[in-house]
Each structure stands twice: as C-alpha cells, then as structure tokens.
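See structure below.
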Amino acid sequence: MRYPIFIEKDPTSDYGVTVPDIPGCFSAGTTLEEALVNAEEAILTHIEGLMIDNEAIPIPSTIDNLKDQYQGEGSLWALVQVDMTKLSDKTKRINISVSENLLSKIDAYATREGETRSGLLVTAALEYMSLHSN
C-alpha cells in the first residue's frame, strides 16, 4: 500500500511526518530520507496494532483528497510504500490456484507498482477486508 504523508519542516526542527489516513500516526527524521523510512515503520506499527485489536486497516487516500486539510509553508506531500509482508516475523507458504491469464496480470501489476506477487496479494486482501469489515 502507498500511504500519503504530510511532511513539515521549520528551520529549528527535524522533519515532522503526519499520516492523515491513520489517526495518531506520526513520525520524524533529521533528514528527509530518514523521515520517509521512519514513516513506513510508524505506519507498520500502527497497522499491526489495528490488526491485533481486530480493527479495519485504513485504505490510503489520494493526496488530492487530503491536500486541502493539511497545508503549511515549507511543507510537502509524499507517498510511502508500505510493505505489508513486514507485519510478521513468521511467514507461511500457501498454495493457491489461479488461472495463468490472471496470474500474468497480477505479476505485471505488481511489477508496475514495485511490489512482489506476495506483497500485492497481501495488500489486496487487507484492503478488501477493510472495505468489507463491520
């Protein structure tokens, strides 16, 4: 999943990161690169907590839908690619059946998005469950 993040910087502080789609999810970094890496870690930590509490995983918004709510001089927006396969130390290999045609489309899409097949399927499942949860 790619979550939009809002980054603020004033001359006397580190880069501050807000993740609008995940209430209470904040991060920071002394450099812009560090802020981006720390943002992914913060998002994963929050999502793991939501999963433990059996709560829905927020679907990422578009920056266009959020930009009017968050503004500031010296601020910017970025997208953070969140690798949902990092949510657990343990992985389990599964065997599923899918048509070759669909598998080719899944693989092509995953490649375009910079994902692995497994990462894409995990992300898709989490998004589907979030949309269809109570």
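Read-outs: derived from the displayed coordinates by stated rules, not from any lab. Worth saying up front: this structure is predicted, and the values here are computed from it rather than measured. With ideal geometry, Cβ positions are generated from the backbone for all residues, glycine too; neighbour counts draw on all protein chains shown.
Based on the alpha-carbon gyration tensor of the stretch 74-134 and its eigenvalue square roots a ≥ b ≥ c, which shape applies: rounded if a/c is under 1.5, prolate if not and a/b is larger than b/c, or oblate? It comes out prolate by the Cα gyration axes.
Full extension of the segment from residue 64 to residue 87, taken as 0.36 nm per residue of separation minus the current Cα-Cα distance, would add 5.5 nm.
In the chain, the longest principal axis of the Cα atoms and the axis of helix 117-131 are about 70 degrees apart.
Cross-link partners of residue 86 among lysines, defined as those whose alpha carbon lies under 20 angstrom from its own and excluding same-chain residues fewer than eight positions apart, are absent. For the stretch 9-134, a crude dipole built from +1 on the beta carbon of Lys and Arg and -1 on the beta carbon of Asp and Glu, taken about the Cα centre, is about 540 debye to the nearest 20.
Between the residues 30, 111, 77, the greatest Cα displacement towards the positive end of the dipole of the chain, with unit charges on the Cβ of Lys, Arg, Asp and Glu, is found for 111. In order along the stretch 23-30, phi translates into HN-Hα couplings of x, x, 9, 10, 7, 7, x, 6 Hz, rounded to whole numbers, per the Karplus curve 6.51 cos²θ - 1.76 cosθ + 1.60 with θ = phi - 60° and x for Gly and Pro. Here the chain has an Rg and Dmax of 16.5, 56 Å, counting Cα atoms alone. With a ≥ b ≥ c taken as the square roots of the eigenvalues of the C-alpha gyration tensor of the stretch 30-88, please select rounded if a/c is under 1.5 and otherwise prolate if a/b is larger than b/c or oblate if it is not? Cα axes put the stretch 30-88 in the oblate bin.
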